[in-house]
1. Scan region 423-446 for residues that are surrounded by 15 or more Cβ atoms within 10 Å (Cβ to Cβ) and either of a type in the set (Gly, Ala, Ser) or part of a loop (DSSP other than H, G, I, E, B) (or both) and jot them down.
2. It is to be established whether one or more residues within region 229-239 are in contact with a strand residue (DSSP E or B) (Cβ under 9 Å, 6 or more places away or on another chain), under 24 Å from ASP398 (Cβ atoms) and in contact (Cβ under 8 Å) with a residue 12 or more places away in the chain.
3. Could you give me the residue pairs with C-beta distances under 7 Å whose first residue belongs to region 418-432 and is assigned by TED's automatic domain parsing to the domain that holds ALA283 and in contact (Cβ under 8 Å) with a residue 24 or more places away in the chain, whose second residue is part of a loop (DSSP other than H, G, I, E, B) and loosely packed, with under 14 Cβ neighbours inside 10 Å wherever it lies, and which are 6+ apart or on separate chains?
4. Quick one: would you say ALA403 is in contact (Cβ under 8 Å) with a residue 12 or more places away in the chain and closer than 20 Å to LEU177 by Cα?
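The values are calculated or read from the model by the stated rules, or taken from the named source; none is laboratory data. Keep in mind it's a predicted model, so treat the numbers as computed, not measured. FYI the Cβ positions are ideal-geometry reconstructions off the backbone, even for glycines, and counts take in every protein chain you see.
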Amino acid sequence: MRVLALIDGEHYPPVVRFALEELRRGHDVVGAAFLGGTEKVEAEAHEEVYGVPVVTAPDALSALTRALERFSPEVVVDLSDEPVVSAADRFVLATAALRSGARYVGADFAFDPPRTLVRPVTPTLGILGTGKRVGKTAISAYAARRLKAGGTDLVVLAMGRGGPEEPELIRGDEVRLTTPDLLRLARQGKHASSDNYEDAVMSRVTTVGCRRCGGGMAGETFFSNVPAGARLADSLGKELLIAEGSGAAIPPVAFDAAMLVVGAGRGLTYLRDHFGPFRLALADLVVLATAEEPNASAEEVAALKAFAAEARPGIPCVATTFRPKPIESVEGRRVFFASTAPPEVLPVLVGHLRERFGCEVTGSSPHLSDRARLREDMAVARGSFDVLLTELKAAAIDVVAAAGEDAGVPTVLCDNVPVAVDGQDLGALVEEAAAAAVERGRGRAA
């Protein structure tokens, strides 16, 4: 195994040489990157001192980057220590290593790049997120609708924490799933609010649903059936495959271009710290979601845009928010609205429903992902509504729609439509990212 060592001048050179010789017992140590430090080094770091070729640079990241390009290691072993590198610095170095496809290992830690287990023939657009509840599925559904309307024949590959035991093909472009259909699926033990159902219902496209369990810091999952699902999606002969991540987990599927959805309300840390920069490095388009007051201040949105521009000069970055859109008419009806939106955002969404769709919202709940509190909110509003309106997430079917059926009250599903709030054309940016995926995918096949 080809190993690149990271070394510093705070260790006495004979000690570093000893460590390198120990490392050589089981590995092919192809070189070292000198990260800095002068306390115990008098001469310039070079091969005569350490016994292996050494790459130096003005800073630690530049040294590692140059060494990665020169040696193409499979593993980067960090033999350095503080004060040359801090814990935060190590995430920067790990991002560079993982981005190159190398494992990053230290004395008591190890980070592996997310595996690519399937390389589809179909051009593939990845949709990644910095975490759960950032609006990734809503963005994916929007992208699917927009591209379908433009004539693209596509399939969405979704992976979720409530996905099916075996990859599930839904011909959403041919069959319209209704709330009673979803209730029947829920009674069969399926999570009928999983992302693949949301994509199929809201966008009327073909979807393949998968499951996954466990999420690593860099996007790997412990277990999933996504590879089988990806092979199924790839066999359909579509023009484009949209591979949708789950939370911060990255699909183990090679993608030709990617969109990164960032929850603006989570703050800069989700993009700047830890493996946020790793995900940013994979992206061709950044979508800042829920980028409006009270969820995120103008200053927070500006800071996110500034960091993206600094880390990835020239990358498109669009600020968006979401607005609810019932998929059936609720005009003139008394409505109870269930959402996963934060409590402070709920009044904005309720006002939009009243003004745009002409309904009277007599009750609402931000607790769609908290079944006990959701039931409490519905009990308080009992008798005041004649329609249940819910996002297709979390407890939408097994709690909201089930309660509606028991009470003889219809349940209408509600889409979350992304809207740009910074004057940019979100649809055009999505089309550009998809066009890049198709162009690169076709280039692979040529």
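1. GLY427, ALA433, ALA434, ALA435, ALA436, ALA437, GLY441
2. yes
3. GLU431/GLY150
4. The answer is yes for ALA403.
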